[in-house]
Amino acid sequence: MKPSFFSYQGPLPASKSLMNRALVVQSFFPELRIGGESSCEDVVFLKNTLNQFDQAGSQHFHCGAGGTSLRFLMARLSRVPGQYDLYGETRLMARPHLGLIKALKQLGVQITRPEEDCLRITSQGWSLPQDPLSVTDTTSSQSLSALLLSAWNLEKDLFLEYDPELQASMGYLQMTLDFLRDLGMGFEVNAGSIRVPAGETIQKTQIDIEPDMSSAFAIAACALSYGDLQIHQFPSQSRQPDFIFVELLKSMGANIHYNAQEQILKVQDSRVLQGVEINLKNTPDLFPVLAVLLARAQGVSYLSGLETLAFKESNRLQNTRDLLQSLGYECLYQNKKLRIEGRPSHVPLGSFEFDPDQDHRMAMAAALAQRQGADINILNPWVLNKSFPEFWEIMASC
């Protein structure tokens, strides 16, 4: 099945990762103006919840399926004395939050689970200990990010300690640090420790949010298979770890070019791509789409740094392997690496249904397989609304 040619020129929504960080900061400093728009569910849920938080007496909040929203809110709400109930979908509540819960308990915050879909936060505000706060989250850097984003106007210095060798997704922690530093937060960073001084306030009243790089990668990968894409207002540098996709695709031989003067990233239908070996520890969100892209590349590819993928919206490592095997590609996970045997001339197997398992990244990966010629019926394609509701509209552009 040959997909229809798509051609899109224009901007992309603002980064949901940066937008969510900006919204938390804005809840401390309402004078902060945020430039950029995102209508994805993760941002909408967090924005609505923080607006609701401003209303006196509001104690019940809904986070949908957003792990980032939930963790950021846990830290933010706990700064203010009160009792708060955070509700979320069953799978969200089953994801690992223990690292942040343990850290908040060191600040005197009580967190219980009165219902299966609810976390209850009981706080008198943060009680800062004399000893450093130990953050032992090996599945995500969001525990550290959540604490840092809510470390404004503290009465005493906040000391955080963590093991950088065990900490996952360090690229996103660095993004948080760069973002906060740009806004004016002063802190000291050493190997495995961060100190935030008391009384920190913002030094800016305007922050502009750049395009979402995870979304950009997904449609760029699709454009390489029978498409023509021009992303406008694309920055020459980015805080987002997934920005590496530009150089990654170039190294694979993709037809991708950046016009710095016009700030346009151009991606076009490409010849056979080359396989790569890459560690995705700092960029795990690239994995599902990249794996499908590499299945059609020349040669063998090796993907490592995949240990946290089981704790995402779904078990992305297993689901991606299942998708590749359903398409007729060979892949093997061994010694913490996924080996993908590239087959550029392979015709994907016959018609089948694919359940993205409530995971927006898996829906993007299946959409790329469609672009490559697979006859897939993607169940619940609107799971993409979580991060990129404009995706299907862009795919239909011609």
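The values are calculated or read from the model by the stated rules, or taken from the named source; none is laboratory data. What you see is a predicted model, and the numbers here were worked out from it, not measured in a lab. When we count neighbours, we look across all protein chains shown, and the Cβ atoms used for this are built from the backbone with ideal geometry, even at glycine. Each accessible area value is taken on the protein alone, full model and side chains, heavy atoms only, with ligands, DNA and RNA left out. Shrake-Rupley method; radii C 1.70, N 1.55, O 1.52, S 1.80 Å.
Scan region 114-170 for residues that are more than 27 Å from the chain's Cα centre (by Cα) and under 30 Å from Thr283 (Cβ atoms) and the total you get is 1.
Gln130 falls short on exactly one of the conditions (1) in a loop (DSSP other than H, G, I, E, B); (2) under 27 Å from Phe61 (Cβ atoms); (3) free of Cβ contacts under 8 Å to residues at least 40 places away in the same chain, and that condition is (2). When region 111-133 is filtered for residues that are open to solvent by 70 Å² or more (accessible area, probe 1.4 Å), out of contact with any Phe, Trp or Tyr (no Cβ under 8 Å at 6 or more places or on another chain) and under 19 Å from Leu158 (Cα atoms), the ones remaining, listed by number, are Gln124, Ser127, Gln130. Of the set (1) open to solvent by 60 Å² or more (accessible area, probe 1.4 Å); (2) within 27 Å of Leu92 (Cβ to Cβ); (3) charged (D, E, K, R), all apply to Asp375 but (2). Within region 28-57, residues that are farther than 15 Å from Arg76 by Cα have Cβ atoms under 7 Å from residues that are assigned to a loop (DSSP other than H, G, I, E, B) and of a type in the set (A, V, I, L, M, F, W, C) in these pairs: Leu32/Ile202; Ile34/Ile209; Gly35/Ile209; Gly36/Ile209; Cys40/Phe388, counting only partners at least 6 apart in sequence or on another chain. If you filter region 349-369 down to residues that are touching a strand residue (DSSP E or B) at 6+ places or on another chain (Cβ under 8 Å) and farther than 30 Å from Gly88 by Cβ, you find that the one that is most open to solvent (accessible area, probe 1.4 Å) is Ser351.
Scanning region 77-103 for residues that are touching a residue at least 40 places away in the same chain (Cβ under 8 Å) and either of a type in the set (A, V, I, L, M) or on the phi > 0 side of the Ramachandran plot (or both) yields Leu77, Val80, Gly82, Leu100, Ala103.
If the condition is being of a type outside the set (A, V, I, L, M, F, W, C), surrounded by fewer than 18 Cβ atoms within 10 Å (Cβ to Cβ) and within 18 Å of the chain's Cα centre (by Cα), then region 305-321 contributes Glu307, Asn315.
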